[in-house]
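These notes concern the structure reproduced below.
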Amino acid sequence: MEEKEIQDELASIRNLMERSSKFISLSGISGILAGIYALIGAAFAYNMLYNGIGGYTFDVHYPIIKDLEIVSLLGVAVIVLLASVSTCIILSVIKAKKKGQPIWGKTSRTLLFNTVVPLATGGLFIFILLTRGYFGIVAPTSLIFYGLALVNASNFTYSDVRYLGVLEILLGLTAACLPGYGLLFWAIGFGVLHIVYGSVMYFKYDR
């Protein structure tokens, strides 16, 4: 067997091993749509927070003065989350069926576990922050824990996810240093970065 044939055979084996050990049915389109959902949610949140105030102010205190506003903001966040997760699941299932890949197995379960643990931890921590009235660091916290979840999940799916996770963490840390701009950083992290990431993933893996 010639050297080139041996190299091709080894490349095929590596490819098969990677496909069996990593979840590769994530859809780039779902990332783009998740970013759009986040931007729409941020627009609603901005209207609730800053309506009549006239933009962002460099202040550690957000203009939340009523419990009803907190509930409304949480409602917007939950809707964005549910829409994003639902879109991701639906498009991933469609992509997996097209490529003849299993959507639920050991790899996807491992991916789910390694993603949910930091996300659930972050969600509970954010709930504690809200009950204590620390509204100004909720957005940075959500970005940081989401970034940690992505970095953790990148070991079981496309390595590109790791870069998005690192950017989310850096953005969250920056937002923590600039109190009063949390919503802006949240929109950039969950909106703009997702759209950019989804576009890259689409042209790299989905076409």
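The values are calculated or read from the model by the stated rules, or taken from the named source; none is laboratory data. None of the values given here were measured: they were computed from a predicted structure. Here Cβ is always computed from backbone atoms with ideal geometry, including for glycine, and neighbour counts include all displayed protein chains.
Looking at Val196, Val138, just one residue is part of a helix (DSSP H, G or I) and surrounded by fewer than 16 Cβ atoms within 10 Å (Cβ to Cβ), and that residue is Val196.
Under 16 Å from the mean Cα position of the chain (by Cα) and either of a type in the set (Gly, Ala, Ser) or closer than 23 Å to Ser108 by Cβ (or both): is that true of Gly165 in this structure? In short, yes.
On inspection, Gly191 passes the criterion of being assigned to a helix (DSSP H, G or I) and closer than 25 Å to Ser72 by Cα. As for the stretch 186-204, it holds at least one residue that is at pLDDT below 90, within 17 Å of Leu33 (Cβ to Cβ) and of a type in the set (Phe, Trp, Tyr).
Please go through the stretch 54-76 and give me each residue that is under 15 Å from Trp186 (Cβ atoms) and at pLDDT below 85, ordered by number. Answer for the stretch 54-76, where residues must be under 15 Å from Trp186 (Cβ atoms) and at pLDDT below 85: Tyr56, Tyr62, Ile64, Leu73, Leu74.
Matching residues to (1) in a helix (DSSP H, G or I); (2) closer than 21 Å to Met201 by Cα; (3) not basic (Lys, Arg):
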{"position": "Phe113", "(1), (2), (3)": "yes, no, yes"}
{"position": "Ala120", "(1), (2), (3)": "yes, no, yes"}
{"position": "Phe127", "(1), (2), (3)": "yes, no, yes"}
{"position": "Leu130", "(1), (2), (3)": "yes, no, yes"}
{"position": "Tyr146", "(1), (2), (3)": "yes, yes, yes"}
{"position": "Ser154", "(1), (2), (3)": "yes, yes, yes"}
{"position": "Arg162", "(1), (2), (3)": "yes, yes, no"}
{"position": "Gly180", "(1), (2), (3)": "no, no, yes"}
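Using the structure shown, decide if Leu129 is under 17 Å from the mean Cα position of the chain (by Cα) and modelled with pLDDT of 85 or more. No. Here Ile128 passes the criteria (1) among the aliphatic types (A, V, I, L, M); (2) closer than 18 Å to Gly180 by Cβ; (3) free of Cβ contacts under 8 Å to residues at least 60 places away in the same chain except the one numbered (2). In the set (1) in a helix (DSSP H, G or I); (2) modelled with pLDDT under 55; (3) closer than 19 Å to Ile103 by Cβ, Leu33 fails one condition alone, (2).
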